[in-house]
1. Among the residues of the stretch 75-91 satisfying the criterion of being touching a residue at least 60 places away in the same chain (Cβ under 8 Å) and in contact with a Phe, Trp or Tyr (Cβ under 8 Å, 6 or more places away or on another chain), which is farthest from Arg27 (Cα to Cα)?
2. Of Leu159, Leu94, which residue is within 27 Å of Asp54 (Cα to Cα) and either at pLDDT 65 or above or in the same structural domain as Gln55 (by TED's automatic domain parsing) (or both)?
3. Would you confirm whether any residue within the stretch 49-64 is touching a residue at least 12 places away in the same chain (Cβ under 8 Å) and among the acidic types (Asp, Glu)?
4. Within the stretch 44-63, does at least one residue satisfy the condition of being in contact with a Lys or Arg (Cβ under 7 Å, 6 or more places away or on another chain) and under 26 Å from Ile156 (Cα atoms)?
5. Kindly indicate whether any position in the stretch 82-91 is surrounded by 15 or more Cβ atoms within 10 Å (Cβ to Cβ) and part of a helix (DSSP H, G or I).
Amino acid sequence: MAIAFGAVAWSEPKQTFGAWGVDLSSRDLKVKPGDSFFNYANGSYLARTEIPADQESTGAGYDVYNLTQDELRTLIEASAANPSGATATQVGGLYKSFMDEATVEVLDAKPLSGSLAAIQATKTKAEFGTLMAKTHVSYGQSLFGLQVDADAKQPISTLWQASAGDRWPDRRSTSVAFLRAGLARQDA
C-alpha cells in the first residue's frame, strides 16, 4: 500500500510479527503453560523489553502510536516546507504558526486574557458552572477535565486526575492528582 501526501510518499513498512501477525518469539518455552500461561506466552518479551524513559508503559499499542506520530510528523513537516495543494498549505501553515516560538514568547499570556477575565468575572459557583459548560461547547472541552490515567510513579496503579485540558502545552505537566490517600488508587 502506498499513499502520497504533498511531496511525501508513504509506503507500508515490512511486517515484524510473523506471517500472520503473532509474535511467537514472545513465548518463554522454558515455562510450562500449565504452571503459568502468562509467563509461557509473554516471558521472553518481558525479559527483553525495556519501557522507554519517556513512556509510562510499552507494547504494541505504543509501537503503533509512536510509528503513527513519526509518520504524521513527516507529512506535516513536508507540508510546511513545500505545500503542494490547498490542504497541505493549511496543514503546513498551522504547523508553522504553532512552531513559531518567537511570536508565542512575544504574545505571552495575551491570547488567554479573555478566558482568564471570564473566569475572574464569575461571582458564584453557578456562574462558574455555566462558564465551564460554555467552554465545553466553544472549544470542545471544559476548563477542567477528569480522567483515570496511569500513575507515572507507580505504573501498575491508576489515578484520578483533574487536568487543564488541551489549552496548556502539556496536559500531564498541568495535571493535579487528587484523592491520593487510597481513594483514587485501584491497585492491580
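The values are calculated or read from the model by the stated rules, or taken from the named source; none is laboratory data. Values in this document were obtained by computation on a predicted structure and should not be read as measured data. Here Cβ is always computed from backbone atoms with ideal geometry, including for glycine, and neighbour counts include all displayed protein chains.
1. Ala88
2. Leu94
3. Taking every residue of the stretch 49-64 in turn, at least one turns out to be touching a residue at least 12 places away in the same chain (Cβ under 8 Å) and among the acidic types (Asp, Glu).
4. The answer is yes, given that some residue of the stretch 44-63 is in contact with a Lys or Arg (Cβ under 7 Å, 6 or more places away or on another chain) and under 26 Å from Ile156 (Cα atoms).
5. Yes, there is a match, as at least one residue in the stretch 82-91 is surrounded by 15 or more Cβ atoms within 10 Å (Cβ to Cβ) and part of a helix (DSSP H, G or I).
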